[in-house]
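Only one structure is covered here, and it is reproduced in the block below.
The values are calculated or read from the model by the stated rules, or taken from the named source; none is laboratory data. Every value quoted in this text rests on a predicted model; they were computed, and no experiment measured them. Note: ideal-geometry Cβ built from the backbone for every residue, glycine included; neighbour counts use all protein chains shown.
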Amino acid sequence: MKTICVVDGQGGGIGSAVIKMLKQVFEERIEIIALGTNAIATASMLKAKANRGASGENAILQSVQHADIIIGSISIIMAQSMLGELTPRMASAIASSRAKKILLPLTQEDVAVVGVSSMPLPRLIETMVKENLAELL
């Protein structure tokens, strides 16, 4: 069984939407670990039916090292993103993890990702599942 870490911060809305779609498509064939930069984000993702969840820097540093796949917005590899919730150590651990990283081109930072269309979040998640996860699972 593949382990997927979904990383999110602030209110956990993006992570929750991702988890709902993953559960709908893959049901219990995958294990989803909700990793929140704060307890509110983790709680939101657990409500979306993640199998397990943890909050904070140390939980993220440890968990991403054992993941097969890491999913989140592009901000999860940017130090000080999510209004400073994502620490440099978190960004480094995620970026250097051996897990396959699937990043959604959403950011609140002063970053522009050139060549990316501005699809709404539900459409981005659908595309991610069909084009990036189907072949991995």
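Entry remark, the range 68-87: residues being outside any helix (DSSP H, G or I), surrounded by 18 or more Cβ atoms within 10 Å (Cβ to Cβ) and in contact with a strand residue (DSSP E or B) (Cβ under 6 Å, 6 or more places away or on another chain) number 5 in total. Report yes if some residue within the range 68-80 is farther than 20 Å from residue 99 by Cα and either among the hydroxyl-bearing types (Ser, Thr, Tyr) or in contact with a Pro (Cβ under 9 Å, 6 or more places away or on another chain) (or both); otherwise report no. Yes. Pairs meeting the criteria (first residue in the range 100-125 and closer than 18 Å to residue 22 by Cα and β-branched (Val, Ile, Thr), second residue at pLDDT 85 or above and in a strand (DSSP E or B), beta carbons under 6 Å, at least 6 apart or on different chains) are 102/71. For residue 116, the criteria (1) assigned to a helix (DSSP H, G or I); (2) surrounded by 11 or more Cβ atoms within 10 Å (Cβ to Cβ) hold in every case but one, which is (1).
Scanning the range 33-67 for residues that are in a helix (DSSP H, G or I) and farther than 19 Å from residue 13 by Cβ turns up 57, 58, 59, 61, 62, 63, 64, 65, 66.
Could you list all residues from the range 88-106 that are assigned to a loop (DSSP other than H, G, I, E, B) and either at pLDDT below 95 or of a type outside the set (S, T, N, Q) (or both)? The answer is 98, 99, 105, 106. Can you spot a residue in the range 3-10 that is among the acidic types (Asp, Glu), over 24 Å from residue 96 (Cα atoms) and either in a loop (DSSP other than H, G, I, E, B) or touching a residue at least 12 places away in the same chain (Cβ under 8 Å) (or both)? No, that holds for no residue. Sub-9 Å Cβ pairs linking a first residue in the range 64-90 that is free of Cβ contacts under 8 Å to residues at least 40 places away in the same chain to a second residue that is basic (Lys, Arg) and in a loop (DSSP other than H, G, I, E, B), at least 6 apart or interchain, are 65/98, ordered by first then second residue.
Select, from 18, 25, 64, the only residue that is crowded, with 16+ Cβ neighbours inside 10 Å and modelled with pLDDT under 95.
25
Which one is nearest to residue 6 (Cα to Cα), of the residues in the range 104-113 that are surrounded by fewer than 19 Cβ atoms within 10 Å (Cβ to Cβ) and of a type in the set (A, V, I, L, M)?
Narrowing the range 104-113 to residues surrounded by fewer than 19 Cβ atoms within 10 Å (Cβ to Cβ): 105-113.
Checking the rest, the ones that are also of a type in the set (A, V, I, L, M) come to 106, 111-113.
Numbers: 106: 14, 111: 21, 112: 22, 113: 21 Å.
Restricting to residues being surrounded by fewer than 19 Cβ atoms within 10 Å (Cβ to Cβ) and of a type in the set (A, V, I, L, M), the top hit is 106.
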